[in-house]
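Asks: Before I ask anything, here is the structure I am working with.
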Amino acid sequence: MKKTLLATALLMTLPSMASLVAVMDSGTDIGHVRLAVKAWENKLESIGNVDWDGDGLPGNKYGWDFTTSTSKFFEAKYAPFYTGDVQKFFDLIGKYDAGTVTAQEVQWLREKFNDQSLMSLVNFMGTYNHGTHVAGIASQGSTNIKIMPIKVLSAEPTEDLPELKNAKSKMVTLNDTVQSDETPVEGDYTEEKFRDEVLQEAVMQVASAAEEVKSLKFHKVDVANQSYGMGYQMTAEFISSAYQSVFGKEMERTALVDLTNEFFKIMEDNSHLVSKANDYTLFVIAAGNDTMNNDKFGAFPTNIKIANKISVAASNGYSAIADFSNFGEINVDVAAPGVGIISTAVNQQTMPMSGTSQAAPFVANVAARVKDVNPKLNALQIKKIIMETVDKKAWLVGKVKSQGVVNINRALKAAELSTFNNVEVAVALARGKVADMPVLKSFAFAPKAKMGKKLNFQPKIKFFGKLFK
């Protein structure tokens with residue numbers, strides 16, 4: 001009893017403050033009723049072109065868009081294109097992922113997969129809704145969490161969308177195939193020059209990431225969610241396509257593999273730029289949806305070498321690792337539920353989505369709530385609590401460093417206990433007090449009809465260097 005009273009007294013003396021979560025993504029609709037009350041407001045700043053608070057982002061009142069260097073972090077004009085069929089498609093994909101879809105619904109999905117116009121719209125809306133969906137997950141279950149929208153990914157339609165034919169800009173991502181009407185370059189432009197520009201692009205990507213996170217430290221952002229990435233396979237394909245465009249021939253496979261590996265190694269070697277820019281915030285990063293081993297194949301930013309980050313694989317509830325998830329017992333830290341996750345969408349709607357993009361904000365949410373329980377915890381202590389309070393799973397041995405799925409109840413208990421114990425003792429006590437999360441076997445093992453196609457809505461980082469324009 002005395003210990004309980006002491007814990008209560010200590011909790012009451014802790015400062016009352018809301019944790020701040022930056023959603024670094026494709027834009028966030030903070031007009032959604034579930035998000036509006038959680039929207040961050042910079043009270044030192046005013047809307048306009050003057051940088052009143054000195055963070056380097058003039059007009060950063062409610063968030064920022066690094067893709068346009070403006071404070072307009074969400075483009076509402078595309079919301080009306082979230083149509084009934086698009087909503088139904090996502091709803092049924094959610095049921096498919098959860099194993100509850102009917103044969104009739106599977107047939108509808110198969111038919112729609114052949115509707116190129118609808119699929120183009122679905123793919124665009126997957127990106128357009130992405131930041132809003134992530135924000136809903138990251139802020140769920142808490143009235144304290146505040147969301148700072150940070151747009152780092154373009155959410156503009158591609159030119160082949162009939163419904164959006166008046167859109168003026170095109171999002172160029174690693175999914176695009178480089179095409180050119182120009183003849184191959186001649187003269188002094190050599191393969192060595194090509195290689196140098198590719199590797200310089202790697203340096204620029206990390207430098208850009210470092211620049212984007214500076215302001216987060218300035219505003220004492222507790223947690224930043226990064227549900228996007230640059231995967232190995234798509235990077236290799238992009239380099240190969242660029243080479244084909246420049247030289248008019250295919251790149252030799254061994255050279256392509258070597259250059260792709262070196263590209264990612266340079267990114268990892270330059271990780272110190274991000275650490276130097278922000279050693280305060282805990283970065284929660286999606287591991288990727290390519291079913292690849294991140295210990296063997298490069299991925300950015302999830303493989304970045306900084307202490308204050310946690311990489312997240314996706315699990316199917318608490319039953320199995322998701323069939324699309326990347327993994328790696330060295331470079332991926334934990335798993336978290338990422339299948340059929342229902343969260344906020346534009347037009348005051350909700351929608352289900354699956355991916356490590358959904359697993360990461362689950363962990364960001366846990367991290368923020370741990371911080372709310374004990375505001376004295378720093379990023380490394382929060383990471384330690386999350387990783388060491390997981391539900392250990394045999395099917396995650398060799399897949400993630402912690403060998404487990406995040407247990408929010410146990411993590412919050414450890415945070416509470418850390419107010420009057422060191423973190424190591426708090427974790428040990430929490431493990432003895434809080435049970436593993438229940439396993440819903442029907443969710444993980446329901447039979448699925450094969451769809452023949454996979455959807456991947458994890459946005460990709462765009463190349464912005466001269467070579468790839």
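The values are calculated or read from the model by the stated rules, or taken from the named source; none is laboratory data. Bear in mind that the values here come from a model prediction, so they are computed numbers and not experimental data. Quick reminder, even Gly has a Cβ in these numbers, built from the backbone with ideal geometry, and neighbours come from all protein chains shown.
Asks: Just need a number here: residues in the range 75-128 that are farther than 21 Å from G31 by Cα and part of a helix (DSSP H, G or I). Explain how you work it out, then say what you get.
Replies: Within the range 75-128, the first condition is being farther than 21 Å from G31 by Cα, and the residues that meet it are 85, 88-123.
Remaining after also requiring part of a helix (DSSP H, G or I): 85, 88-98, 103-113, 116-123.
Residues meeting the conditions: 31.
Asks: Determine which single condition Q205 fails, assuming it passes every other condition in (1) at pLDDT 95 or above; (2) within 24 Å of G56 (Cβ to Cβ); (3) part of a helix (DSSP H, G or I); (4) not acidic (D, E).
Replies: (1)
Asks: Is there any pair with a first residue in the range 189-216 that is of a type in the set (F, W, Y) and a second that is crowded, with 17+ Cβ neighbours inside 10 Å whose Cβ atoms are under 7 Å apart and which are 6 or more apart or on different chains, and what are they?
Replies: From the range 189-216, the pairs are F194/Y243; F194/V246.
Asks: Same structure again: Would you check which residues across the range 268-324 are surrounded by fewer than 19 Cβ atoms within 10 Å (Cβ to Cβ) and of a type in the set (K, R) and list them?
Replies: Selection gives K276, K296, K305.
Asks: For the range 291-322, give me the residue count where each residue is farther than 20 Å from V134 by Cβ, in a strand (DSSP E or B) and not polar (S, T, N, Q).
Replies: Here the count works out to 2.
Listed here are the residues, each with its yes/no results for (1) modelled with pLDDT of 90 or more; (2) of a type in the set (A, V, I, L, M); (3) on the phi > 0 side of the Ramachandran plot.
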{"position": "T132", "(1), (2), (3)": "yes, no, no"}
{"position": "I137", "(1), (2), (3)": "yes, yes, no"}
{"position": "I147", "(1), (2), (3)": "yes, yes, no"}
{"position": "E159", "(1), (2), (3)": "no, no, no"}
{"position": "N166", "(1), (2), (3)": "no, no, no"}
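Asks: Checking V221 against (1) in a loop (DSSP other than H, G, I, E, B); (2) over 18 Å from the mean Cα position of the chain (by Cα), only one condition comes out false. Which one?
Replies: The single condition V221 does not satisfy is (2).
Asks: Taking the criterion of being on the phi > 0 side of the Ramachandran plot and surrounded by fewer than 18 Cβ atoms within 10 Å (Cβ to Cβ), would at least one residue in the range 106-117 satisfy it?
Replies: Initial filter on the range 106-117 (on the phi > 0 side of the Ramachandran plot): none.
So far as the range 106-117 goes, no, none of its residues is on the phi > 0 side of the Ramachandran plot and surrounded by fewer than 18 Cβ atoms within 10 Å (Cβ to Cβ).
Asks: I would also like to ask the following. Taking M351 as meeting all but one of (1) crowded, with 22+ Cβ neighbours inside 10 Å; (2) farther than 29 Å from A79 by Cα; (3) among the aliphatic types (A, V, I, L, M); (4) more than 16 Å from the chain's Cα centre (by Cα), write down the number of the exception.
Replies: Failed condition: (2).
Asks: If I ask for residues that are assigned to a loop (DSSP other than H, G, I, E, B) and either under 10 Å from L35 (Cβ atoms) or without any contact (Cβ under 8 Å) to a residue 60 or more places away in the chain (or both), which ones from the range 129-142 would you list?
Replies: The one that is assigned to a loop (DSSP other than H, G, I, E, B) and either under 10 Å from L35 (Cβ atoms) or without any contact (Cβ under 8 Å) to a residue 60 or more places away in the chain (or both): S139.
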